[in-house]
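Contents: one structure, followed by commentary.
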Amino acid sequence: MDTLSSISEYLQQGRANNVRELVKQAIDEGIAAQDILEKGLLAGMGIIGGKFKNNEVFVPDVLIAARAMNAGTEILKPLLASGGVTAKGTVILGTVKGDLHDIGKNLVRMMMEGKGLEVIDLGVDVPSERFVEAAKENNAQIIACSALLTTTMPAMEEVVQKAKEAGIRDSVTIMVGGAPITDGFCDKIGADIYTPDASTAADRAVEACAARLNQ
Ligand code: B1M
């Protein structure tokens, strides 16, 4: 089995130490960090996701796979992050209220930091008003919300609403993303930018920060 397939396999088994070692090995073999992420780690997570949906594996299995995923991405972090020196803007990031999924959010943080943005990560299950308070406290250009559950998507609309109530809606760009989110949903709730993946989110965040800071 090649290194990327082994990473996927061990990730599915939740063997974080093996994943960590294999990611290091893949780097030593000269495999690009983006390929290790997509063809090794994310491929494994995709298979686990499918099995979870079909009731072939259960929450504890998914949880240990997620830990193995995080162990792998930690090693990749310095390679995915190209290392900007001066902050090109400030982003308040979090997974919305009621939602505990953080793997996608962590990737978004990694990619944004890699593009030189300062990211204040509020974690998971973040109350809507907390996004807004943090944006005010830090003079942030962007609020970025992640959601993985259809049941937690409405919390994103609440963030938009809270920003309006706090009088900061015009001074902050609200970005949304996560597997169930679409462009149409973004428009419907009055958010500004939807992106389907972490890398595009980072590119759009840099553009949005630049536009605001050069106003
Ligand atoms: Co959950 N879960 N889960 N889960 N889980 C899903 C999301 C689900 C689709 C599985 C399924 O049924 N097929 C399903 C949701 C169904 C729905 O709402 N329609 C589901 C469910 C039902 C649940 C529970 C309710 C299960 C239960 O308890 N019975 C429960 C809810 C807990 C809660 O949040 N309150 C639950 C729990 C869990 C675990 C804790 C076990 C674990 C999370 C561990 C963790 O995150 N630390 C977990 C996991 C791992 C998954 C799956 C298998 C994988 C999610 C993931 O990390 N994917 C998932 C099935 C699947 O997606 N195939 C599933 C990899 C990650 C990189 O992708 O987060 O989509 P993703 O991020 C992508 C993009 O979406 C985007 O960038 C990333 C790629 O570059 N992106 C953004 C994300 N955020 C962004 C923000 C942006 C821009 C892009 O801008 C701001």
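The values are calculated or read from the model by the stated rules, or taken from the named source; none is laboratory data. None of the values given here were measured: they were computed from a predicted structure. A quick note on method: Cβ atoms are made from the backbone with ideal geometry, for glycine too, and the neighbour counts reach across all protein chains shown.
So here's what we get for this one:
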{"quantity": "Enumeration of residues in segment 129-154 that are surrounded by 20 or more Cβ atoms within 10 Å (Cβ to Cβ), assigned to a helix (DSSP H, G or I) and in contact with a helix residue (DSSP H, G or I) (Cβ under 6 Å, 6 or more places away or on another chain)", "calculated": "131, 132"}
{"quantity": "Those residues of segment 192-213 which are near the ligand (Cβ under 7 Å from one of its atoms) and either among the charged types (D, E, K, R) or surrounded by 17 or more Cβ atoms within 10 Å (Cβ to Cβ) (or both), in sequence order", "calculated": "195, 197, 198, 199, 201"}
{"quantity": "First in segment 157-172 and within 17 Å of residue 193 (Cα to Cα), second anywhere and part of a helix (DSSP H, G or I) and at pLDDT below 95, Cβ under 9 Å, 6 or more apart", "calculated": "171/212; 172/212"}
{"quantity": "Members of segment 156-206 found to be in a helix (DSSP H, G or I) and hydrophobic (A, V, I, L, M, F, W, C), listed by number", "calculated": "156, 159, 160, 163, 185, 186, 189, 198, 201, 202, 205, 206"}
{"quantity": "The listed residue being within 9 Å of the ligand (Cβ to nearest atom), modelled with pLDDT of 95 or more and more than 13 Å from the chain's Cα centre (by Cα), out of 142, 189", "calculated": "142"}
{"quantity": "Flag for residue 4 being modelled with pLDDT of 95 or more, buried (at least 16 other Cβ atoms within 10 Å of the Cβ) and away from the ligand (no atom under 16 Å from the Cβ)", "calculated": "yes"}
